[in-house]
Amino acid sequence: MRTHDNAALACAAALGPVMCVYIVEPSYWRSPDTSQRQFDFLRECLRDLFVQLKACGVRLHVVTGEVTEVLTRLQHAHTFSHLHSHEETGNGMTYERDKAVARWCATHGVRWQEHVQTGVVRRLPSRNTWTALWTQRMQAPQLSTPVMTPAPWPWPEERWPDWPSWGLAPDAAPQRQTGGRQAAIQTLQSFLNTRSGQYRGGISSPLSATSACSRLSPYLSWGCLSMREVVQATEQTLSQPDLDPWTRKGLVAFTSRLHWHCHFMQKLESEPAIEMRNMHRGYDGLREGDWNAEHFERLRTATTGWPLVDACVTMLQQTGWLNFRMRAMLVSVAAYPLWLHWKEVGHWLAGQFVDYEPGIHWSQMQMQSGTTGINTTRVYNPIKQAQDHDPQGVFVRRWLPVLRQVPDTWLFEPWKMPPSVQAQCGVVVGPQGGAHVGAHWPEPVVDLPAATRTAKALLHARRNTPQVREGKQAIIEQHASRRATPPTKRRHTPTAVEDKQIQWDF
Ligand SMILES: Cc1cc2nc3c(=O)[nH]c(=O)nc-3n(C[C@H](O)[C@H](O)[C@H](O)COP(=O)(O)OP(=O)(O)OC[C@H]3O[C@@H](n4cnc5c(N)ncnc54)[C@H](O)[C@@H]3O)c2cc1C
């Protein structure tokens, strides 16, 4: 979704006349992890890209169809010899499509060149070299928008598709971020120039996170900005000698997240099956047979009865974005007290996120659900999270108007409110689906402490089986990040051998 720092475009332009085509693929948009809000965002990106290319004298063609079918149509319009695209780490559907494109190219004598665009490495031989490769790529010079000669081939004008014409459920997010490179650059500049001072200390609370976080995720996922461009702009800001220490710390922490972006995507690139099955096969069968449709429905419709959870889901429905901690909390609530398998929950959340990036998403879904076999189990208590990150209840009251009059004492646990207080604040707490007069708040979907205890016990019992213990090392080899032990965490002076030891995290 950019002409700047676009290796595919630069290489194609250097070879001769260029035809720029964006293919809207029906099979992609029918996948369970896509949604109208993503499609709406994409249309805005395409409009912006149209303008970027028009400034270069080239027309953007938006074509609807499956890729190989469109390539055949293109070959009929004009025989071409080269196809340039970026490497993509997408979902299972796009992986299969890429294999079909490779077959089509082989059959039609077309040379398909896929260009690197992030720090994700195709056919990575070993994780040990990954960080060095990432750094090398991020330090390479950015490519300018190329000078292009438009291809004079005939191609019929097509109307850009609208979401309703696809016949899928509408799911717009009225308060989502705006798509396109122009909006992306404004967001990057406002973060680097002003907002990054709030990054340290501001990203965990759902209240401050909306402005303290960079908000670059949809622009990175859709390619409105290149990862290298963001890394280099951040380094440039960091090189300013008069930068205040708080901003400096914030930008250093932000740079680690940019690294994580590719680190997590690398997991799916190296093992595409983690979209479908547990990263550690020793966890197979743990939740699969226990699907509880009511639990899922209560989560999806923001009626769990736990105010912070329901406020987060409501915000997600409206904006298509949540900060990391609240995403992790939602998945933890789904995976432990509600005991839901990550796959169905992951499809629903993927569609909710405008910034859906399969590599990050599925790795995180498994990590927060405890099925990677290599991560510490993190179980978030939604009551404690609310007390820590929304102590005055501003966030909860903003997204759940029904609770606005509930006094602070009961705001995060309304089911404990005495009847007299319920009458005073006009909120009746009762079972979901019962007959209620006036404003109703549902009782919690399950007893939180008891359900969490049961879930932890089940997980830990599985973790201690020989099958799980034995399978761990192979996953560490393939997926864990390599990081030298930070000096502050060492308990004693290290020997030379220990100094070279690797700490496994994530
Ligand atoms: C269950 C779950 C699912 C997630 N799904 C996605 C997803 O589909 N797409 C997505 O971009 N992020 C995802 N994340 C990671 C993270 O929550 C978002 O990247 C972040 O909230 C985006 O906001 P931001 O751009 O303001 O983040 P910032 O804090 O400003 O971070 C800057 C960039 O670093 C990257 N980043 C930040 N945190 C992480 C992380 N923990 N892992 C990997 N990369 C990170 C993102 O590209 C982000 O845009 C997920 C996290 C969880 C727990």
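Summed over region 371-387, the residues that are open to solvent by 10 Å² or more (accessible area, probe 1.4 Å), of a type outside the set (S, T, N, Q) and within 24 Å of Y283 (Cβ to Cβ) give a count of 5. Based on what the data block shows, is R325 basic (K, R) and closer than 16 Å to L338 by Cα? Considered against the rule, which asks whether it is basic (K, R) and closer than 16 Å to L338 by Cα, R325 comes out as no.
Kindly indicate whether any position in region 60-67 is in a loop (DSSP other than H, G, I, E, B) and either touching a Ser or Thr at 6+ places or on another chain (Cβ under 9 Å) or not hydroxyl-bearing (S, T, Y) (or both). If you could, list the steps in order and put the result at the bottom.
Here is the first cut: in region 60-67, the ones in a loop (DSSP other than H, G, I, E, B) are 65-66.
With either touching a Ser or Thr at 6+ places or on another chain (Cβ under 9 Å) or not hydroxyl-bearing (S, T, Y) (or both) added as a condition, the list becomes 65-66.
Within region 60-67, one or more residues are in a loop (DSSP other than H, G, I, E, B) and either touching a Ser or Thr at 6+ places or on another chain (Cβ under 9 Å) or not hydroxyl-bearing (S, T, Y) (or both).
Screening region 282-307 for residues that are of a type in the set (D, E) and free of Cβ contacts under 8 Å to residues at least 24 places away in the same chain and picking the one that is nearest to R378 (Cα to Cα) gives D284.
Checked against the criterion of being assigned to a helix (DSSP H, G or I) and in contact with a Ser or Thr (Cβ under 7 Å, 6 or more places away or on another chain), region 11-22 has no qualifying residue. When we screen S226, S214 for residues that are within 14 Å of the ligand (Cβ to nearest atom) and either modelled with pLDDT under 95 or open to solvent by 10 Å² or more (accessible area, probe 1.4 Å) (or both), the only hit is S214. None of E96, E158, E66, E87 is among the acidic types (D, E), closer than 23 Å to C56 by Cβ and assigned by TED's automatic domain parsing to the domain that holds Y28 except E158. Scanning region 315-342 for residues that are among the polar types (S, T, N, Q), more than 22 Å from N292 (Cα to Cα) and near the ligand (Cβ under 10 Å from one of its atoms) gives a single hit, N323. In this structure, is V421 open to solvent by less than 40 Å² (accessible area, probe 1.4 Å), in contact with a helix residue (DSSP H, G or I) (Cβ under 8 Å, 6 or more places away or on another chain) and part of a helix (DSSP H, G or I)? When the stated conditions are applied, V421 passes them.
Restricting attention to region 308-349, and to residues there that are assigned to a loop (DSSP other than H, G, I, E, B) and free of Cβ contacts under 8 Å to residues at least 60 places away in the same chain, which single residue is least open to solvent (accessible area, probe 1.4 Å)?
Residue satisfying both the conditions and the ranking: L340.
From the list H82, H108, H76, the one residue that fits, being in contact with a strand residue (DSSP E or B) (Cβ under 6 Å, 6 or more places away or on another chain) and not hydrophobic (A, V, I, L, M, F, W, C), is H82. Restricting S256, S239 to residues that are free of Cβ contacts under 8 Å to residues at least 12 places away in the same chain, away from the ligand (no atom under 14 Å from the Cβ), among the hydroxyl-bearing types (S, T, Y) and open to solvent by 20 Å² or more (accessible area, probe 1.4 Å) narrows the list to S239. Of the listed requirements (1) under 30 Å from S270 (Cα atoms); (2) touching a strand residue (DSSP E or B) at 6+ places or on another chain (Cβ under 7 Å); (3) open to solvent by less than 50 Å² (accessible area, probe 1.4 Å), I203 misses just one: (2).
Within region 284-304, the set of residues being surrounded by 17 or more Cβ atoms within 10 Å (Cβ to Cβ) and under 16 Å from H440 (Cβ atoms) comprises R298, A302, T303, T304.
Of everything in region 29-54, what is part of a helix (DSSP H, G or I) and open to solvent by 40 Å² or more (accessible area, probe 1.4 Å)? Give them in sequence order. I'd like the intermediate steps shown before the answer.
First pass over region 29-54, keeping only residues part of a helix (DSSP H, G or I): 29, 36-54.
Once the filter is applied, which keeps residues that are part of a helix (DSSP H, G or I) and open to solvent by 40 Å² or more (accessible area, probe 1.4 Å), region 29-54 yields R43, E44, R47, F50, V51, K54.
Residues that are near the ligand (Cβ under 7 Å from one of its atoms) and either modelled with pLDDT under 95 or of a type in the set (G, A, S) (or both) within region 343-365 comprise just one, A350. Selection of first residues in region 362-380 that are closer than 17 Å to Q478 by Cα and of second residues that are within 10 Å of the ligand (Cβ to nearest atom) and open to solvent by 10 Å² or more (accessible area, probe 1.4 Å), restricted to Cβ pairs under 6 Å at least 6 apart or on distinct chains, gives the following pairs, ordered by first then second residue: N375/M367.
The values are calculated or read from the model by the stated rules, or taken from the named source; none is laboratory data. None of the values given here were measured: they were computed from a predicted structure. With ideal geometry, Cβ positions are generated from the backbone for all residues, glycine too; neighbour counts draw on all protein chains shown. Just so you know, the surface numbers come from the protein's heavy atoms only, side chains and all, with ligands and any DNA or RNA stripped out. Shrake-Rupley method; radii C 1.70, N 1.55, O 1.52, S 1.80 Å.
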